[in-house]
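Inspection log for the structure reproduced underneath, given as structure tokens.
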Amino acid sequence: MHKGGGIGAGRDTAGGPAGVVAGLLARARAAQAEYERWPQERIDEAALACGWAIMKPGNNRALAEMAVRDTGLGSVADKLVKNHRKTLGLLRDIKGVRTVGVIAEYPERGIIEIARPVGVVAAITPSTNPAATPANKIINALKCGNAIVLAPSPKGWSTCAALVGFVHAELAKIGAPRDLVQMLPAPVTKDATYELMRQADLVAATGSQANIRAAYSSGKPAIGVGQGNVVSIVDVSADLADAAAKIARSKTFDNATSCSSENAVLILAQVYDATLRELAAQGGVMLDADEKSRLQALMFPGGKLAPAATAQSAPRIAGLAGLDRPAARNARFLMVEETGTGPAFPFSGEKLAPVLAVYRAQDFDAACALTRRIYDYQGKGHSVSIHTRDDAQALRLGLELPVARVIVNQAHCIATGGSFDNGLPFSLSMGCGTWGGNSFSDNMHWRHFLNITRISRPIPEKVPGEDEIFGSYHARYGR
């Protein structure tokens with residue numbers, strides 16, 4: 001495969017990225033042309049087959065172990081939970097959902113809605129979740145009658161390949177075409193990934209912001225996600241022990257591979273010291289100024305986040321940073337006190353590690369203002385967390401902050417991508433709206449993988465009078 005040149009290079013080379021991708025797409029289109037004629041019941045079987053391919057205990061174990069071994073990111077135990085839970089939740093969400101034929105009728109409007117596949121989906125997936133994210137997109141794509149071709153990260157290629165093998169084995173059981181699910185061959189290059197985006201019918205991109213920008217500039221419809229940098233606000237009315245337990249659980253799950261993991265906690269001054277004690281009771285260790293400086297040198301050499309600490313355990317990070325204090329070497333997560341935001345304060349940005357920036361806010365107004373400044377630096381559009389007993393404060397965040405989700409009294413990275421105890425769709429891809437440079441602000445789910453055809457029939461004419469439309473306006477402002 002051609003490796004040289006920038007994105008899009010080598011398009012005219014038959015054996016280069018363009019030719020390789022064209023072969024994959026031709027097989028995908030042939031499979032999809034057959035598959036889209038299947039009835040809903042068989043489509044649903046295909047989605048279930050793909051779900052079982054990752055949830056089957058032996059498969060799940062193999063994928064979790066391979067992911068950690070080959071990417072060096074995360075925790076096997078947590079990936080087992082993630083692969084199972086995210087897939088089970090998605091299958092719950094799509095159970096009984098019609099995605100074939102007529103899916104809605106509105107007689108009073110003379111409208112009938114018909115579900116139609118988008119065709120072949122190009123799925124860009126990250127190394128942080130090399131099994132769970134591809135599985136999620138495969139299931140959503142097949143549920144809607146599509147074929148899919150995956151572009152995994154180079155580190156995640158082996159795990160994705162194993163997953164695709166498991167999927168093919170399950171599809172064979174139900175007589176589904178194996179070419180419904182394919183992936184780019186190794187080595188995965190920028191050129192090949194771009195060609196896939198350019199030649200497919202829809203791009204579903206999760207991963208680096210460079211890949212997201214490429215998806216949106218590919219010339220094809222794209223649903224891409226924004227950068228995470230979640231702030232969690234601890235209000236004076238919060239159950240502090242419960243808040244600390246949930247923050248710690250979320251901050252440490254899978255070594256913070258999730259973009260939904262808390263990156264900063266803003267504690268109101270009245271409960272600041274008490275909250276720190278609760279966080280310490282959960283295994284958090286506050287670093288002193290010298291330790292913070294050493295950690296910053298490891299994580300942000302030159303001011304930019306480096307991969308050395310990404311998705312590593314807190315003890316390993318402490319060792320890499322040269323932190324000698326036994327408490328730091330045995331911490332569940334590390335904490336640093338911070339005051340500012342922006343490039344001069346790198347801990348105010350996304351860390352993808354069990355490291356938590358801690359801020360003191362004098363009151364709730366100050367907490368809102370500081371959260372906005374953090375998001376002006378990184379994370380705008382994604383989500384915010386609040387621990388409070390005051391519903392009005394959660395509503396205020398939703399009305400004022402540039403976020404697509406407000407997560408109330410929950411472990412954020414567990415909740416924001418859907419949970420069995422909240423109503424958000426199960427997903428590993430979070431749209432961040434126009435705030436985050438995205439075309440959508442939902443959790444990526446089945447609806448994003450469908451076209452809708454509408455049949456319109458005539459209904460009795462309803463023409464409003466001028467006064468019905470302009471009456472209140474004219475009464476107030478005149479004609």
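The values are calculated or read from the model by the stated rules, or taken from the named source; none is laboratory data. Treat the numbers as computed from the prediction; the structure is a model and nothing was measured. Glycine gets a Cβ as well: all are built from the backbone with ideal geometry, and neighbour counts include every protein chain shown.
Residue count for region 348-368, restricted to those that are assigned to a helix (DSSP H, G or I), in contact with a helix residue (DSSP H, G or I) (Cβ under 7 Å, 6 or more places away or on another chain) and surrounded by fewer than 23 Cβ atoms within 10 Å (Cβ to Cβ): 2. Restricting region 143-167 to residues that are assigned to a helix (DSSP H, G or I) and in contact with a strand residue (DSSP E or B) (Cβ under 7 Å, 6 or more places away or on another chain), the residue that is nearest to Thr257 (Cα to Cα) is Cys160. If only residues of region 275-296 that are within 14 Å of Lys351 (Cβ to Cβ) and over 28 Å from the mean Cα position of the chain (by Cα) are counted, the one that is surrounded by the most Cβ atoms within 10 Å (Cβ to Cβ) is Leu287. Scanning region 118-131 for residues that are buried (at least 24 other Cβ atoms within 10 Å of the Cβ) and in contact with a strand residue (DSSP E or B) (Cβ under 8 Å, 6 or more places away or on another chain) yields Val120, Val121, Ala122, Ala123, Ile124, Thr125.
Of everything in region 91-122 that is touching a Ser or Thr at 6+ places or on another chain (Cβ under 9 Å) and β-branched (Val, Ile, Thr), the residue that is farthest from Tyr194 (Cα to Cα) is Ile111. Return yes when Val167 is over 21 Å from the mean Cα position of the chain (by Cα) and either among the acidic types (Asp, Glu) or not assigned by TED's automatic domain parsing to the domain that holds Pro354 (or both) and no when it is not. So Val167 fits the description; yes. Only residues that are aliphatic (A, V, I, L, M), touching a Ser or Thr at 6+ places or on another chain (Cβ under 8 Å) and at pLDDT 95 or above were counted in region 224-254, giving 9.
Residue under question is Ile103, and the condition is that it be farther than 27 Å from Gly19 by Cβ and either in contact (Cβ under 8 Å) with a residue 12 or more places away in the chain or in the same structural domain as His84 (by TED's automatic domain parsing) (or both); does it hold?
Here the answer is yes, as Ile103 does meet what is asked.
Only residues that are out of contact with any helix residue (DSSP H, G or I) (no Cβ under 6 Å at 6 or more places or on another chain) and surrounded by 18 or more Cβ atoms within 10 Å (Cβ to Cβ) were counted in region 314-331, giving 1. In region 108-117, is there at least one residue being modelled with pLDDT of 95 or more, hydrophobic (A, V, I, L, M, F, W, C) and within 28 Å of Asn438 (Cα to Cα)? Checking region 108-117: at least one residue is modelled with pLDDT of 95 or more, hydrophobic (A, V, I, L, M, F, W, C) and within 28 Å of Asn438 (Cα to Cα).
Out of region 218-239, which residues are more than 20 Å from the chain's Cα centre (by Cα) and under 30 Å from Arg198 (Cα atoms)? Reasoning before the result, please.
Just the residues of region 218-239 that are more than 20 Å from the chain's Cα centre (by Cα), to begin with: 218-220, 233-239.
Ser218, Gly219, Lys220 - these are the residues of region 218-239 that are more than 20 Å from the chain's Cα centre (by Cα) and under 30 Å from Arg198 (Cα atoms).
Each residue in region 434-479 was checked for being within 24 Å of Glu108 (Cβ to Cβ), charged (D, E, K, R) and in a loop (DSSP other than H, G, I, E, B), and 3 pass.
Might you check whether a residue that is modelled with pLDDT of 95 or more and touching a strand residue (DSSP E or B) at 6+ places or on another chain (Cβ under 8 Å) occurs anywhere in region 42-52? Please lay out each step first, then the result.
Initially, region 42-52 is screened for residues modelled with pLDDT of 95 or more, giving 42-52.
Next, from what is left, pick out any that are touching a strand residue (DSSP E or B) at 6+ places or on another chain (Cβ under 8 Å): 50.
Yes, region 42-52 has at least one match.
Scanning region 180-191 for residues that are crowded, with 24+ Cβ neighbours inside 10 Å and either more than 17 Å from Val164 (Cα to Cα) or not assigned by TED's automatic domain parsing to the domain that holds Ala214 (or both) yields a single hit, Asp191.
Any idea which of Gly436, Gly431 is under 28 Å from Val100 (Cβ atoms), outside the structural domain of Ala248 (by TED's automatic domain parsing) and buried (at least 21 other Cβ atoms within 10 Å of the Cβ)? Unique residue meeting the criteria: Gly431. Of the residues making up region 201-212, those that are surrounded by fewer than 24 Cβ atoms within 10 Å (Cβ to Cβ) and either free of Cβ contacts under 8 Å to residues at least 60 places away in the same chain or polar (S, T, N, Q) (or both) are Ser208, Gln209, Ala210, Asn211.
Condition test on Ala392, is it modelled with pLDDT of 95 or more, in the same structural domain as Gln296 (by TED's automatic domain parsing), more than 24 Å from the chain's Cα centre (by Cα) and of a type in the set (A, V, I, L, M)? Yes; evaluated as a whole, the condition is true for this residue.
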